Amino acid sequence: QPIPVGHLMDNSGPTSDVGVPYGQGVADALAWVNATRNGINGRRLNVLGFDYGYQAPRAVAQYQAWVNRERVVAIQGWGTADTEALVRFVTRDRIPYISASYSAALTDAAGRSGRQGVEAAPFNFFYGPSYSDALRAMLQWAKQDWERRGQQGRPRYVHMGANHPYPNSPKEAGEAMARELGFEVLPAIQFALTPGDYTAQCLTLKNQGANYAYLGNTAGSNISVLRACQTAGVQVQFLGNVWGMDENAMKAAGTAANGVVFPVRTAAVWGQEAPGMRTLRQISRQSDQAGTAYRPVHYLAGVCSAMLMVEAMEHAAQNGGEVSGPRIRDGFYARQNWVPRGLEGVCVPVTYAAEDHRGTMRVALYRSVVTGDTSQGSVADLMRAGTMRIEPVATIELARRRDWLGW
Amino acid sequence: MAVMMPAGDYRTSYREDMTIFPTRGSRVALWAGIALLCLAPLVLDRYLLHLLINIGFLGIAALGLNILVGFTGQISIGHAAFFGFGAFASAWAHEVLHVPVALAIPLAGLITALVGLVFGAPAARLKGLYLAIATLAAQFILEDFFARAQWFTGGVAGRVTEPFSLFGLRFDRDETYFYVVLAFVAAMFLGAANLMRTRDGRALVAVRDHYLSAEMMGINLAYYRTLSFGIASFYAGIGGALYAHYLLFVSVEAFNILFSIQFLGMVIIGGLGSVMGSLMGAAFMVLLPEVVQSLADLLAGGPIDRALKLGASISYLREMAIGAAIILFLIFEPDGLAHRWRLIKAYWKLYPYSH
Amino acid sequence: MLAVNNIEVVYNDVILVLRGLSLAVPKGEIVALLGANGAGKSTTLKAISGLLRTEEGEVTRGDIRFAGERIDGLEAHEIVRRGIFQVMEGRRIVADMTPLENLRLGAFTRSDAEVRRDLEMVFEYFPRLKERTGLAGYLSGGEQQMLAIGRALMARPKLILMDEPSMGLSPLLVKEVFGIVRRLNRELGITILLVEQNARMALSVASYGYVMEQGKVVLDGTAEQLAGNEDVKEFYLGGHGAERKSFRNLKSYKRRKRWL
Amino acid sequence: MELGFLLQLLLNGLIVGALYGVVAMSFVLIYKASQVVNFAQGEFLLVGAWVCWWLLTAWQLPFWLGFLVTLAFMTLFGVILQVVVLRPLIGEPVISVIMVTIGLSIFFQALMKWMFGVFAQPFPPIFAAERVRVLGLEVQSVYLLSLAISAAIMIGFWWFFTYSKHGLAMRATAFDQQVAASLGVSVPRVFAMSWAISAMVSAVAGVVVGVVNGVSSALSFYGIKVFPAVILGGLDSIVGAVLGGLIVGVLENLAQWLDAEVLNWGNMYQIAPFYALILILLIKPYGLFGTEAIERV
Amino acid sequence: MDPAAPILEAERVSLRFGGVRALTDVSFAVRRGEVFSIIGPNGAGKTSMVNCISGRYRPTGGRIRFEGRDITRVPTRRRAALGIGRTFQNLALFGHMTVLDNIMVGRHHLLRSGFLRGMVYWLGGAQQEEIAHRREVEEIIDFLEIQHVRKAIAGQLPYGLRKRVELARAVALRPKLILLDEPMAGMNLEEKEDMARYILDLNEEWGMTVLMIEHDMGVVMDISHRVMVLDFGRKIAEGPPEAVLADEHVKRAYLGEADEAVSEPEEAVA
Ligand SMILES: Nc1ncnc2c1ncn2[C@@H]1O[C@H](COP(=O)(O)OP(=O)(O)OP(=O)(O)O)[C@@H](O)[C@H]1O
Ligand SMILES: Nc1ncnc2c1ncn2[C@@H]1O[C@H](COP(=O)(O)OP(=O)(O)OP(=O)(O)O)[C@@H](O)[C@H]1O
Ligand SMILES: [Mg+2]
Ligand SMILES: [Mg+2]
């Protein structure tokens, strides 16, 4: 009898630019588990995919259908707004919910942080550093960068993004951290989640004289900002959200994307060599028989996220156990420095504790390097030719501060 | 030109001549229909109930829009914002003012009606598409308000709502909530049908058909133009509130321009100026994506699927199918489902004479 | 020149309006078509000009020939190009254009150099149109009717179908319009099929006439014959000879029409 | 600094506004001919931009050639659309036709995503990197070009409607299809013409925006932006459309300035045109240049 | 109120549209109970005059009194309740409504139940009210002989019937003064006779004062008590029909000289 699992995707909404590769990663990994491992202990996964177009209410409606009608035991989720809206529901229904939202509010599993508006989220998990922690790491790097370049005075920091739970999520944490590090914090600048003409925002940025700007949106709209700012001649170091920069975005933005610093969740990117790459390529063949596709960073993250869930389910199923929500959740706590089998060197090790769902505090920062015209040729060609590169910049190990839990 | 009446159906008083359901058959059908619907939760599975519930609250809101567009002739491209307002208002009334949900829903309808009157005020001066675009502005302004008014809506993060309860009974499952929606649908549709056959309803239609002569018949144009916004918003508010306590979560994202356009689609496809058409239109819009989805599921894995790599593109195909269905429908039935329904009925009455 | 043979017209696939109507319009003549309201006169004209289709009407039987060729089934604009121009009931000028623009529109199907001269000719027939430079929508009824006829002239048609040109016009203008109708016929040799409620006027300019009732021709004859017919006198001309019965002392009974 | 900032924003507003104006004109064109409000206008930009992009990247055509082929294609596209979808609806209530354009918008939005993916794609660098200084302000050369194109298109439209026979026919058709038909105007042909021109002109705007910002489904947002523009100007006025476009463009940028300097609300730039729209309509119910309907009883 | 006093008085009424002077200093009075006709060439301002009375236009100069009360500035919608009803030169029915509903709209100002009572039809007394008024409407329907089309959609009726429905709607207002703008236009003789009969009945039996614009001189001669002639927005004559039609000025401006080529029947009658 198959195990029903929900898979919420944004393939058509404003975050579909990153939603598509991520969702593909999840789907391929689960299909691969069915194909090569015959599911979980002989029970196949029945993956119920749903493209919710990045609209939280549609996600909630689908969630209720899944829980009431399909009786799913775990869900691979997506955005921040929907994940946060569902926290109460998944807690009530005891369904592990592995999101692609890395909102720090989801890490406070026991509700101990005492921060206003942060509820306990005992069934929420995600793979990778939280948005807030990633931003904290980037700010630490920015501080070093400022000093290394021998600049005078206080650096100026500005948060940019839509008025939406996802870009808003690390806003407060980032601004607090920036102050702590001695930055001057400028008023935030808004731009929508969809591509558009953001010249006015760039002119504002220029007028403010910002030095470091955080791009809180996903790639699609960030590209517009990068291009507009290049045109407007803005000199600023952009710090990208984890969803804010990737290979596709580099191609689309061209040289405007050159120099953006952003976190990468996996230990390797496509095309690099690592022990786990063989497995990864097998997984990739699920949707690409020819084996020629280039897989951007989000695809890899999707695979890691799905495989964590799979191993937690396997843990639940051990010794003839029932694959139920609470038991899957226990599976997440079963191991320390956990890397899914066969993906060594691809997924970074994570550790979840019953009160602290911050899987990792290590943030690997990379820089996008674009040296020429990106309009001709595929991403794979451009990466191979070196027109586009993703260069490691620094790896920041953050302290697991208790007062950072939950925001 | 003379209206056909079924043989054997004589009316002996004006009262009988003025009923909503003109024939005995239609009255019987109505009661039978209601009885069947009451039994629905016992026989239908949750999925179908879920669809019926959706049709119910969307139908109420669509009816409101039909009163505005179909009966009064004022196009609104901002109906979803009012629907949303109702949803937030009900959630807010319960959460902040601690009004019981059963009362919060009608209260939300009233608050939304007031907001509708405010945004409908330009209707007194604007006509046709100018008014339509003004409602488009209302859509964006209200959306912005939802995102900003933390105290009212919970801001961009939205608000979790409580289920409907009455006399200690909780209506938090499809099987039970269905009755709540059914009761509201019945009340709201009867109300509209009654409205349309009395003074103010006629005045609304008169304003649509020929406002200059309506004015000379003593009809206050500004009043009725604004009133129809108020009524439409009331219906939208009730529909939205029912939605809020069904989904148990309200967020600004739902109430976007696309949703407004869907409402417009419902009333046009259902039939402008037809009370029951609104419900038919809502059903069309709810069922269409489901039908497309099942088709896709049927195709999945087949040769067509493999050839076109449908798997990954299914969501686009679904959208395309919805767009195409709307286009095809309107090409073949520009007057809407209600019209087709009337033709079918007329056909049976006149059978076998077609002329 | 024009021959309508036994046509049937149906609206919306169900409403049968013309039931086997036939008529003929010889070249260079004015033919009048009389009939009660709703008899189908306008429908007949629209069937000829092809405008029926814009109202979901359809010729379901019979045929219409113009200069020997079948024209039922042609699009309205093709029929205009062949030289048939309908002046529609209710004037129907383009209200948000100036009279001049309306006239230029009349010449839409033409591309010859004589448009300008014809414009002068129209202004000669209707001098007051030249004075009006505002929007045509603000013209008075009579002026609009003149504009509608003038617009027809601009197309240089061979046959004009005129639908109730006298409706709403003052007696003076009615005379003027009919005078012009006759002049057009005489001076320009335009054939005219005239639908008119004002039977006396119509028969005074026409050479031949048809009376239709409920979608069929019930009576036809030369203008003189019709004018002498008892029924026509009673129902269309109002009383016998010059002695008209008064609207004040209407008889309470109505005589049956014999042709029914 | 402050003044320079403001001027930069104003200039940016004019440039973007001119593009809105072009789209608004093509919108008004369809409206004038058939009283149809085209909700698929934004998709015209989208289709045009994607097709041009595809010609330039997949076929490696030189820009001028690709651009011309795109325009030809879009003309055909408009005609086909009209013949296949809109012609059967001639004579039906306008609101049904409007709904059909909404259906078209949904359809093409999805089709474009399906065919070209969800990622934004860059145009090959044509003018992209070139910047010119005008009055001490930096401007994209392609933007200046688009200003020139807008102006040319606008003059063309004005001439067309005032003096050409077909322009008159189009206006007559807009007023009353039956009357137009009775005058020998082929109503379907007039509609086809208006859709063709409209699609083509929109594509020009689509390509210009695509060259600057890259092509993505977000281009279709111009279809919504066009509403405040045309209404501000008056639905049936070509001049009004251009002016409305400029106003909306400038307004957005001024709102951004106000926002950055004073309010700190964040999204004034998106919402300000709509506030302005309502205000202007309350003062002038037919927009700035719209003609009042003639109503006589 | 003095029964001999005029029901309607226009005092130096002027109306301009930009440069167009539609009316210039027109004064006249309509007596209670009479049939008063306005004739004049096209564009003379007849409809404009009626529009001023019914409130569609507001005169740019002068005053209009109804039953002694100055109504120049009374809003259009109030005039129905005062007792002024009208028909229109170009039909202005509610095209998508049934004939019955069209006429019921005429009762609008006499009905009381608003939308709230309407929605709860059975509870608030709306039903009783509807039935009571339906009765009156049926009387009008009988009178105008349109029983057979009661439930038909008004916009789909033949022209002649539509004119009658429009008259019924105006009558339903229970007006003291009814304004008829070219009631005979586009009708054949038979229908004109019917219409004339209705107008006379309304006037004589229903006691309505009639103000009528008409181009058919036969009708004007036969049924009106007094006639006023407008030309270029000015009054050029007023008086009993025979006198007015004999007036040289009127002949020249309106009737035209007798023309042997096209004989005009109407004026042949004295
Ligand atoms: N578009 C239409 N759809 C349905 N029925 C129509 C349509 N047009 C006309 N009719 C019907 O066809 C019949 C004949 O109409 P038509 O207009 O031809 O009459 P007519 O002789 O011109 O009358 P009138 O003197 O009133 O102009 C009428 O009964 C009318 O109701
Ligand atoms: N709303 C308006 N705007 C501008 N001019 C107008 C308007 N209404 C009427 N007019 C002008 O006023 C004059 C009088 O028009 P009116 O309609 O009163 O004439 P009429 O006597 O009723 O003519 P007809 O017998 O043709 O109906 C005309 O010149 C007309 O163009
Ligand atoms: Mg006719
Ligand atoms: Mg008049």
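The values are calculated or read from the model by the stated rules, or taken from the named source; none is laboratory data. Please read these numbers as outputs of a predicted model, since none were measured by experiment. Using ideal geometry, Cβ is built from the backbone for each residue, glycine included, and neighbour counts are taken over all protein chains shown. The accessibility values were calculated without ligands, DNA or RNA, using every heavy atom of the protein model including side chains. Shrake-Rupley method; radii C 1.70, N 1.55, O 1.52, S 1.80 Å.
Based solely on its DSSP helices, what 222 nm [θ] is calculated for chain C when runs of n ≥ 4 H residues each add -39,500 (n - 2.57) and the sum is averaged over all residues, nearest 500 deg cm²/dmol?
Calculated from helices alone, the mean residue ellipticity at 222 nm is -8500 deg cm²/dmol.
Residues of the stretch A:207-239 losing 30 Å² or more of accessible area relative to the isolated chain, 1.4 Å probe, heavy atoms only?
A:ASN207, A:ARG227, A:THR231
So what are the ³J(HN,Hα) numbers for the stretch A:244-252, from phi and the Karplus equation (6.51, -1.76, 1.60; θ = phi - 60°), rounded to whole Hz, Gly and Pro as x?
Each residue of the stretch A:244-252 in turn: x, 8, 6, 5, 4, 5, 4, 4, 6 Hz.
Just report the Cα centroid separation between the stretch C:76-111 and the stretch E:1-54, whole Å.
Using only Cα atoms, the two centres lie 36 Å from each other.
Over the Cα atoms of the stretch E:93-174, each weighted equally, I'd like the Debye log10 I(q)/I(0) at q = 0.14, 0.17, 0.22, 0.23 Å⁻¹, rounded to two decimals.
Each listed q maps to, in turn, -0.46, -0.65, -0.97, -1.03.
Amide H to amide H, which residues 5 or more places from C:MET167 or on other chains are under 5 Å from it, using H placed in the peptide plane?
So C:MET167 has HN proximity to no qualifying residue.
Take every DSSP beta bridge whose two residues both sit in the protein assembly as shown, then give the antiparallel share in percent to the nearest 5.
In the protein assembly as shown, approximately 55 percent of DSSP beta bridges are antiparallel ones.
When the helix-only estimate is applied to chain A (DSSP H runs of n ≥ 4, each -39,500 (n - 2.57), divided by the residue count), what is the mean residue ellipticity at 222 nm, nearest 500 deg cm²/dmol?
-11500 deg cm²/dmol
Cβ under 14 Å from A:ALA213's Cβ, A:ALA213 left aside: what net charge do those residues give with Lys, Arg +1 and Asp, Glu -1?
0
Output the lone cysteines of the protein assembly as shown: those with no second cysteine's C-beta under 4.7 Å from their C-beta.
B:CYS38, D:CYS52, E:CYS52, each lacking another Cys Cβ under 4.7 Å.
Is any helix in chain E, taking whole DSSP H runs, at least 15 angstrom long along its axis by alpha carbon and on average at least 1.6 on the Kyte-Doolittle scale, and which ones?
What comes out of the filter, once short or polar helices are dropped, is none.
Name the residue from A:ALA85, B:GLY109, C:LEU219 whose Cα lies farthest towards the positive end of the charge dipole of the protein assembly as shown, charges +1 on Cβ of Lys and Arg and -1 on Cβ of Asp and Glu.
Looking along the dipole axis, the top candidate is A:ALA85.
Which of the listed residues, E:ALA168, E:LEU93, E:SER113, is farthest toward the dipole's positive end in the stretch E:93-174, when Lys, Arg count +1 and Asp, Glu count -1 at the beta-carbon?
Farthest towards the positive pole: E:LEU93.
Considering the options C:TYR125, C:ALA148, C:GLY106, tell which one lies farthest towards the positive end of the dipole of the stretch C:98-177, charges being +1 on Lys and Arg and -1 on Asp and Glu at the Cβ, about the Cα centre.
C:GLY106
Mean projection of the alpha-carbon convex hull of chain D over all orientations, in nm²?
For chain D, averaging the hull's shadow over all directions gives 17.1 nm².
Chains B and E: how much accessible area gets covered up at their contact, both sides added, probe 1.4 Å, in Å² to the nearest hundred?
Interface between B and E: roughly 3800 Å².
May I ask for the net charge around D:ASN253, where only other residues with Cβ less than 11 Å from the Cβ of D:ASN253 are counted and Lys, Arg are +1 while Asp, Glu are -1?
Taking every other residue near D:ASN253 into account, the sum is -3.
Over what distance in Å are the Cα centres of the stretch A:315-387 and the stretch B:96-160 separated?
First find each Cα centre; the distance between them is then 43 Å.
Treat the stretch A:11-51 as a sphere of radius equal to its Kirkwood radius over Cα pairs and apply Stokes-Einstein at 10 °C in a medium of 1.306 mPa s; give the translational diffusion coefficient in µm²/s, rounded to a whole number.
Answer from the Stokes-Einstein relation: 143 µm²/s.
Do any of C:LYS175/E:LYS163; E:LYS163/E:LYS192; C:LYS233/E:LYS192; C:LYS41/E:LYS151; C:LYS27/C:LYS233 go past 18 Å between their Cα atoms, and which?
C:LYS175/E:LYS163; C:LYS41/E:LYS151; C:LYS27/C:LYS233
Which residues, if any, in the stretch C:141-174 have at least 30 Å² less accessible area in the whole protein complex than in the isolated chain, probe 1.4 Å?
Those are C:MET167, C:GLY168, C:SER170, C:PRO171, C:LEU172, which lose 30 Å² or more relative to the chain on its own.
Where q = 0.07 Å⁻¹, what log10 of I(q)/I(0) comes from the Debye formula for chain A, counting one point per Cα?
Computed log10 I(q)/I(0) values: -0.30.
I'd like the carbon and sulfur percentage of the solvent accessible area for the protein assembly as shown, probe radius 1.4 Å, heavy atoms only, ligands and nucleic acids excluded.
Whole-percent figure for carbon plus sulfur exposure: 57.
Using a simple spin-label model with points 7 Å from Cα along the Cα→Cβ vector, what separation in nm is obtained for C:LYS27 and B:CYS38?
Reported label-point gap for C:LYS27 and B:CYS38 is 8.0 nm.
I'd like to check one number: the per residue accessible area of the protein assembly as shown, probe 1.4 Å, reported in Å² as a whole number.
Spelled out: the 1.4 Å probe surface of the protein assembly as shown, per residue, equals 36 Å².
Which residues of the stretch B:134-153 bury at least 10 Å² of accessible area once all protein chains are present, versus their chain alone (1.4 Å probe)?
Listed by number, the residues meeting the 10 Å² cut-off are B:ALA134, B:LEU136, B:ALA137, B:PHE140, B:ILE141, B:ASP144, B:ALA147, B:ARG148.
Calculate, axis by axis, the spread of Cα positions in the protein assembly as shown along the three principal axes, and write the results as whole Å, longest axis first.
117, 74, 63
Compute, for the stretch D:12-220, the length of the dipole vector about the Cα centre, with Cβ point charges of +1 (Lys, Arg) and -1 (Asp, Glu) only. Units Debye, rounded to 20.
Taking the Cα centre of the stretch D:12-220 as origin, the dipole is about 200 debye.
If you take the accessible area of D alone, add that of C alone, and subtract the area of the pair, what total do you get in Å², probe 1.4 Å, to the nearest 100?
2400
Taking a temperature of 37 °C and a viscosity of 0.692 mPa s, what whole-number D in µm²/s does Stokes-Einstein yield for chain E with Rh from Kirkwood over alpha carbon pairs?
168
Let's test the formula: R0 of 45 Å, r as the Cβ-Cβ distance of C:ARG248 and C:LYS216. What FRET efficiency results, to the nearest 0.05?
0.85
Calculate the dipole size of chain C relative to its Cα centre from +1 charges on Lys and Arg beta carbons and -1 charges on Asp and Glu beta carbons; express the result in debye to the nearest 20.
Taking the Cα centre of chain C as origin, the dipole is about 740 debye.
Report the D-B buried area as the accessible area lost on both sides summed, probe 1.4 Å, in Å² to the nearest 100.
Heavy-atom accessible area buried at this interface is about 4100 Å².
Taking H placed 1.01 Å from N in the peptide plane, check which residues at least 5 places from B:GLY271 or on another chain put their amide H under 5 Å from its amide H.
Distant-sequence amide H within range of B:GLY271: B:LEU337, B:ALA338.
Divide by every residue of chain E the summed helix terms, -39500 (n - 2.57) for each DSSP H run of at least 4, and state the resulting mean residue ellipticity at 222 nm, rounded to the nearest 500 deg cm²/dmol.
Here the helix-only value at 222 nm equals -10000 deg cm²/dmol.
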